[in-house]
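Reading through the structure tokens given below for one structure.
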Amino acid sequence: MEGMIENLTRRQFVGAGAIAAGLGLAGCSSSSSKDSSSSSSTSASGSGALRGSSADEYDADLVKAAKEEGSLVVYGCCEEPYISAACDKYTEIFGIQTSWQRLSTGEVLAKIEEENGSPSADIWFAGTTDPYNVASTENLLETYKATNASHIMSDKYTSTDNTWVGIYKGILGFLTNTEDLDDKKLDAPADWPDLLDSGYKGLIWSSNYNTSGTAKLILNTCVQKYGHDDGIKYLVDLDKNIAQYTKAGGGPSKSIGTGECTIGIGMLHDGIYQIVDNGYDNIGLVVPSSGASYEVGATAVIKGAAHPNAAKLWLEYCLTPTCVNQAAGTGSYQFLVIDDAKQPDVAEEFGLDPNNVMDYDFEDAKQNTTQYVDDLMAALEAAGENTSDTTRFQTS
């Protein structure tokens, strides 16, 4: 595996940039997103349209029941343009009014834990599966075996208990400001141990283990790579070099190009977005040389949903290219896990390989993430000095 992909600019791909939808619950409007990517897959009607683009392709009884419910509320954990585009298209196909709120995966988990069976939203859309698995063990997700799950390319991309289905796969790595590293006469880190170098003190940003699904992925990755005790110790040592923990996993990527952050730990597709859509040609992407970890982005019906049929119909819709092909057109460059979806060409042009990754143990993450977070917080507090500053890990 290539250890590093640096200073990768793609100005020829830079477009106008997606317009972010408003924060909070917002009605979806189809004019807010870019056109979706094309695909050779066709609908059941053979018209040449993408599979899933017509309500006639879905179970008629489910569509009828969903329309009778009349609306759907979504908690979305990807960037706003993709959430908006996905909601817009759902409304266009089925005539069901959809509203959404953008939150980190940790925030969604906290909300549905607090709401405990009487949720304000029906659907959890996107974000890494580690928090989904926590919610599943707490019986906060509805069981539903989607018909369109037959198009998921691997059992790794769906839960064993039918509480969530995967829609994309993202590669975890490091993002660097190449200009700042050059100015400081520092090499880019090639692997996880390199991040402990004292020369990086105060230069690294990561995300909050209490609020971010990406942070939970980082924690599970280190535990799986090094074992429980050594993995926790590694993260305590890493904390000495970290300047800031952002609430959401995409936070570090937004500050790399501007120079606020020199090294960020996060999803490499977020870095690609900053290069391609925002034109930052000073960003380098690093695939850890010992093997990349990865996330599966998921969607699920929240237990106690007020609109359960509309929510189940959403899951069927999300497992079609009509939904997921919109990702690349809105600046979300994850690899797709649906067999007839169109992969984002730009991700491969940056050298990312969705198959060259570690064997991530999702079952261990499902059973132990909550305990691992508790163990890490206790270890950080016990370490003293700057690691005992609990304000770094506040959830609000």
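Of note:
- Long-range amide H partners of Y294 with built H, under 5 Å: L172
- Extent of segment 71-133 along its three principal axes (Cα atoms, max minus min coordinate, largest first): 31, 23, 16 Å.
- Available extension along the chain between E363 and K156 is 73.5 nm, counting 0.36 nm per residue and deducting the alpha carbon span.
- Placing unit charges on the Cβ atoms only, positive for Lys and Arg and negative for Asp and Glu, gives the chain a dipole magnitude near 720 debye about its Cα centre.
- Across every direction, the projection of the convex hull enclosing the Cα atoms of segment 171-216 has a mean area of 3.8 nm².
- Treating each Cα of segment 45-97 as one equal point scatterer and applying the Debye formula with no solvent, the log10 of I(q)/I(0) at q = 0.12, 0.15, 0.17, 0.21 Å⁻¹ comes out as -0.32, -0.49, -0.61, -0.86.
- Cα Rg over Rh - segment 263-335, Kirkwood: 1.10
- Approximate shape of the chain as ellipsoid semi-axes (Cα gyration tensor, √5λ), whole Å, largest first: 34, 24, 18
- Here K312 is the anchor, and the lysines within straight C-alpha reach of less than 20 Å, apart from those fewer than 8 places off in the same chain, are K64, K67, K89, K145, K303.
- Length released on extending from S290 to E113, taking residue separation times 0.36 nm less the Cα-Cα span: 60.1 nm
- Split the chain at each of the trypsin sites (Lys or Arg not before Pro) in a DSSP loop with at most 15 other beta carbon atoms within 10 Å, and the longest piece is 202-396.
- In terms of Cα atoms, the Rg and Dmax of segment 186-253 work out to 11.5, 31 Å.
- Alpha-carbon Rg/Rh ratio, for segment 165-324, with Rh computed the Kirkwood way: 1.04
- Rg(Cα) / (2.2 N^0.38 Å) computed for segment 248-396, rounded to two decimals: 1.26
- Gaussian network model of the chain, Cα within-10 Å springs - most flexible of P131, P193, P344: P193
- Extension gain for K201-N355 works out to 52.2 nm (0.36 nm per residue, less the C-alpha to C-alpha distance).
Values in this text are rule-based calculations from the coordinates and carry no lab data. As the structure is a computational prediction, the values presented were derived from the model and not from experiment. Note that we place each Cβ from the backbone using ideal geometry, even for glycine, and neighbour counts take in every protein chain shown.
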